[in-house]
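Beneath this line is the structure, given in structure tokens, with notes to follow.
No lab work stands behind these numbers, since they all come straight from the coordinates. Source: prediction; values computed, not measured. All Cβ positions, glycine included, derive from the backbone under ideal geometry; neighbour counts span all protein chains shown.
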Amino acid sequence: MRDTLVLNASFEPLSTVTLNRAVVLILTDKAVVEQSHPGLRMRGADVDIPVPRVIRLCRYVRVPFRRQAPWSRRGVLIRDQHRCAYCGRRASTVDHVVPRAQGGRDSWLNTVASCAEDNHRKAARTPEQAGMPLLRQPFVPSPAEAMLLAMGAGDRSALPRWLDRSAA
Ligand SMILES: [Zn+2]
């Protein structure tokens, strides 16, 4: 399924998001469907909506250009889709790649989602020291992604079950 175009409340294009994210924005009343794929609907227990091609945010969002998204633990978990960076299982904690004890800071590039076990096992060591390579590299979300993170649209746990399954 193609990505959905997101317009600001002012109708100016902001970014594209996955269909899942678009549906979350609609279901949480943060966006309305401006254009849909003709004849296609998404149906679930409590949901019956057209498959969105273009959505528009209900509230105007000021998108900060060239400004880094503010770091937060919640943001890291959402960015990493609650997947542990060391084993890929469900993550509930945030691990400092370079531990704080060794000068590592709270930043997008130095933090990853981690399961509690791996976080405990890695302790105050770097991935190299612990022999626990990262499955993927942390990244700084773009301002548009940061906006969606802030709105919770990147959080898969916010998805209805049927939709999450269909996307897996
Ligand atoms: Zn893990």
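Rounded, prolate or oblate: which fits the range 1-103, taking a ≥ b ≥ c as square roots of the Cα gyration tensor eigenvalues, rounded meaning a/c under 1.5, else prolate when a/b beats b/c?
oblate
How large is Rg/Rh for the range 73-130, to two decimals, with Cα atoms and a Kirkwood Rh?
0.93
Subtracting the Cα-Cα distance from 0.36 nm times the residue separation, let me have the gained length for GLN35 to ARG90 in nm, one decimal. Before the final figure, lay out the partial values.
On the way: separation 55, 0.36 × 55 = 19.80 nm, distance 3.49 nm.
Once the chain is fully extended between GLN35 and ARG90, it gains 16.3 nm.
Given a Förster distance of 35 angstrom, what is the FRET efficiency for ILE49 paired with ARG100, based on the Cβ-Cβ distance and rounded to 0.05?
Working: r = 44 Å, r/R0 = 1.27.
E(calc), rounded to 0.05, equals 0.20.
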